[in-house]
Protein chains: 2
Amino acid sequence: MNVHSTEISSTQTDPGSKRELIIQATIRLISEYGFHGTPISMIAQEAGVGAGTIYRYFKDKDTLVLEIFKQVHCVFKKTLLHEYDANQTIRDRFLHLCRGIFQYGVQNPYEFKFIEQFYNSPYGTSLRREKFFCNCGDTGQDLPLEQVFAAGQAQQVIKDLPLAALIALTIGPIVFLVKDSIAGLIQLDQTTINSTLAACWEAIQQETDTNRQPGSTPSSPSTEEKP
Amino acid sequence: MNVHSTEISSTQTDPGSKRELIIQATIRLISEYGFHGTPISMIAQEAGVGAGTIYRYFKDKDTLVLEIFKQVHCVFKKTLLHEYDANQTIRDRFLHLCRGIFQYGVQNPYEFKFIEQFYNSPYGTSLRREKFFCNCGDTGQDLPLEQVFAAGQAQQVIKDLPLAALIALTIGPIVFLVKDSIAGLIQLDQTTINSTLAACWEAIQQETDTNRQPGSTPSSPSTEEKP
DNA sequence: TTCTGTGGAGTGAACGTTCATTCCGCCTGT
DNA sequence: ACAGGCGGAATGAACGTTCACTCCACAGAA
């Protein structure tokens, strides 16, 4: 009976349905203008439906956006785990996940920016602070990338940096580049993606001390900072 | 006579003045809630002034935010260039600028997030697309970090990646980490900053098969600046 | 000194607009 | 004929902006 379903019905992705039109319009607009920058009237016009129709499918604007985020975020995570093999080497798992983010961003620019908008909103940061996990079927465990980092540190393949730093060193460049790509500032071909990911790996990988020259110690560069 | 000055009068930073109260409140609120998320009434309340007072100093809401951005962005760039020596090695110049961004972000969290909000807004991206330069006294030339990258590539010290990728590999992690720091998700001490910057450098540095000698060509870098 | 006129900073209620949300008549499929 | 999905006008709240007014510091007259 409840039309405003909180659950994400799995096969409700019938394209052309009013609900899907509303969702797609919302993603497109909010990814560009943000939550407060896109009125319901704008969504209705972009979707080609009446404003009232939106409230037939979603309780209010907040619910609309929250439900879309859950759905998009879930699909995003599923995409990353597609053909993911936990038995591969640390490096290969790392590259698989990172390449997946790149791919997803290039192929789903609106969804990508939508997720980013949400994460940077007050709601998103509060969720991040509570360690939010999308409960869309999986076990709600840690993100696979964090598992890779932990395993890599245990094997001394990945540097002993704080987890947040490792995430920043990999997700940061990817998000930056994908956003530039979406904005039309750069053409993201496979070569650029691969060389950038190789650079990311070099940033986080633990160097073996066999070919390490004693000339410079990059862990403490020119320290005249205040204690 | 014109109170709505477009110019940024240099010594109008009298703290306690109504204008400065409005600016600080705007930065604080917009950095958290975004442009459309912070009404004028909220700014007025936070600043402890009447709503009408804001329009005594700024033509409208757009002008208010744009003027603040110009001012904040200008101070930010000046901070980066403080004690900057263009004769240092590529690596030292790189570290100086990146450390400056870190420092600025940690010490000015509201301003940092304000700049980020602005850059990610439709206005900001359109400005970025037109290669926006802050005309606050300097010559309007390229960002120094881009110069460092170009010089580093000419010396084969920095990888031959697209400029956007190099920027993403350095600014991306920094912005990510500073935002985590502001959100209270990580404690950004000097050690973490240094090791993260070392990792960034490893990501972008060109590996040479011969051991890199410190005295190869770093002492006179002014000759291979842009032609 | 005291009083009074003046000008500009400051205010917040008022205004028209736009927002999110509701409601009701239409229209289509059965 | 009828039920229900649907559109868009209706609605009240909230928004950006304005403006008539208060307040205060100060100059000049008495």
Full-extension gain between A:Asn194 and A:Asp85, please, as 0.36 nm times their residue separation minus the C-alpha to C-alpha distance. 37.3 nm
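Across peptide A:153-159, what mean number of C-beta atoms from other chains lies inside 10 Å of a residue's C-beta? The partial results should precede the final answer.
Details: counts 0, 0, 0, 0, 0, 0, 5.
Across the residues of A:153-159, the mean count of other-chain Cβ atoms within 10 Å is 1.
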Within the stretch A:32-118, which trypsin sites (Lys or Arg not before Pro) sit in a loop by DSSP and count at most 15 neighbouring Cβ atoms inside 10 Å? A:Lys59
One decimal, nm, shortest first: give the distances between the label point of A:Gln206 and those of the same position in the other copies, each label point 7 Å from Cα along Cα→Cβ. 3.1
Cβ-derived FRET efficiency at R0 35 Å, A:Tyr33 paired with A:Arg99, nearest 0.05: 0.75
Would you tell me the mean number of C-beta atoms belonging to other protein chains that fall within 10 Å of each C-beta in A:198-204, as a whole number? 6
Provide a whole-number value for the mean count of partner chain Cβ atoms within 10 Å of the Cβ atoms in peptide B:185-194. 4
If I model the stretch A:70-204 as equal point scatterers sitting on the Cα atoms and use the Debye formula, what is log10 I(q)/I(0) at q = 0.11, 0.22 Å⁻¹? -0.40, -1.63
Can you list the distances in nanometres, one decimal and ascending, from the A:Asp62 label point to the identical position in each other copy, with the point 7 Å along Cα to Cβ? 3.1
Cα-Cα longer than 27 Å, checked against A:Lys70/B:Lys77; A:Lys59/A:Lys113; A:Lys77/A:Lys113; A:Lys59/B:Lys113, kept in input order, equals A:Lys70/B:Lys77; A:Lys59/B:Lys113
What would the Debye formula give as log10 I(q)/I(0) at q = 0.15, 0.29 Å⁻¹ for the alpha-carbon point model of the stretch A:32-95, no solvent? -0.62, -1.24
Label-point gap, in nm, between A:Glu146 and B:Thr63 - each point 7 angstrom along Cα→Cβ: 4.8 nm
Inter-copy label distances at B:Leu81, 7 Å along the Cα→beta-carbon direction, one decimal in nm, shortest first? 5.1
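FYI, it's all coordinate maths here, none of it is from the lab. Computed from a predicted structure; not experimentally measured. So basically every Cβ, Gly included, is an ideal-geometry build from the backbone, and we count neighbours across all protein chains shown.
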